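Asker: Structure incoming, see below.
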Amino acid sequence: AQSVTQPDIHITVSEGASLELRCNYSYGATPYLFWYVQSPGQGLQLLLKYFSGDTLVQGIKGFEAEFKRSQSSFNLRKPSVHWSDAAEYFCAVGARGGYNKLIFGAGTRLAVHP
Amino acid sequence: DGGITQSPKYLFRKEGQNVTLSCEQNLNHDAMYWYRQDPGQGLRLIYYSQIVNDFQKGDIAEGYSVSREKKESFPLTVTSAQKNPTAFYLCASSTATYGYTFGSGTRLTVV
């Protein structure tokens, strides 16, 4: 069955520290991969996406993610976290081609200490 | 500016009452989706529509209904058959080459 696992429910980091949020997926083929961010009471904003090509993807707000086919992973990273990065982060996968519904992970809530 | 508008932002439902959540987009996207969000469970798909006058059930469609009479609009009705409707509801739209755009959500509470 298709699924997305975000192993960390909550993560706390200090401002200025580096960040890595984990995402593993189970899918029949290489899917499209996404990371979204959600502030409390708001909708989701797309951070970055991987369709094909370079496995290191750059996104908005200084985030990047690396697709590792052998590990079925798509981890999100940021070298230096800002207090404004505190939010919930969702990894999602979808089938290639056409209009396809996305499958979301349960999310990782990030807290940032000053 | 193009985007998705969900209304109302907050909605209260009495026991046994049907309520309708509005979702309108001006992005000219063909596909639209409704997701339900509960704490710790991520987003679960309720219904989706790829073209006007056509829609498909998602993973948790029981107790919900939708219509797609116009490309721009995809309202969701939470019926009295939905026994646990308190949640945050998100509407999204997309093109065939992807790029989900989300609305800002409606928080539904049963009173």
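Asker: Within a 10 angstrom radius of the beta carbon, how do A:103, B:46, B:51 rank from fewest other beta carbons to most?
Answerer: Neighbour counts put them in this order, fewest first: B:51, A:103, B:46.
Asker: Return the loop-located GluC sites (Glu not before Pro) in region B:1-70 (DSSP other than H, G, I, E, B) with at most 13 other Cβ atoms within 10 Å of their own Cβ; answer none if there are none.
Answerer: B:15, B:62, B:69
Asker: Based on the alpha carbon coordinates of chain B, what radius of gyration and maximum Cα-Cα distance (Dmax) apply, in Å?
Answerer: For chain B, the Cα radius of gyration and maximum Cα-Cα distance read 13.1, 41 Å.
Asker: What are the radius of gyration and Dmax of the protein assembly as shown, computed over its Cα atoms and given in Å?
Answerer: Every Cα atom of the protein assembly as shown included, Rg and Dmax give 17.6, 52 Å.
Asker: Which of the trypsin sites (Lys or Arg not before Pro) found in region A:39-114 are loop residues per DSSP with 15 or fewer other Cβ atoms within 10 Å of their Cβ?
Answerer: Within region A:39-114, the qualifying trypsin sites (Lys or Arg not before Pro) (loop, at most 15 other Cβ atoms within 10 Å) are A:96.
Asker: Normalise the Debye intensity by I(0) for region A:5-114, one equal point scatterer per Cα, no solvent, then take log10 at q = 0.15, 0.18 Å⁻¹ and round to two decimals.
Answerer: Each listed q corresponds, in turn, to -0.59, -0.85.
Asker: A further question follows. Count charges around residue B:69 for me, please; just the other residues with Cβ under 15 Å from its Cβ, Lys/Arg as +1, Asp/Glu as -1.
Answerer: Net local charge, residue B:69 excluded: -1.
Asker: Please compute, for peptide A:104-110, the average count of beta-carbon atoms on other protein chains lying within 10 Å of each residue's beta-carbon.
Answerer: 3
Asker: Exposed loop trypsin sites (Lys or Arg not before Pro) only (DSSP loop, at most 12 other Cβ atoms within 10 Å): please give the longest stretch of chain B free of them, not including the sites.
Answerer: Formally, the longest exposed-site-free interval is B:15-82.
Quick note: the coordinates plus some simple rules give every number you see, no bench work behind them. This one's a predicted model, so the numbers in the text were calculated from it and none came from an experiment. Reconstructed Cβ throughout: ideal geometry from the backbone, glycine too, with neighbour counts over all protein chains shown.
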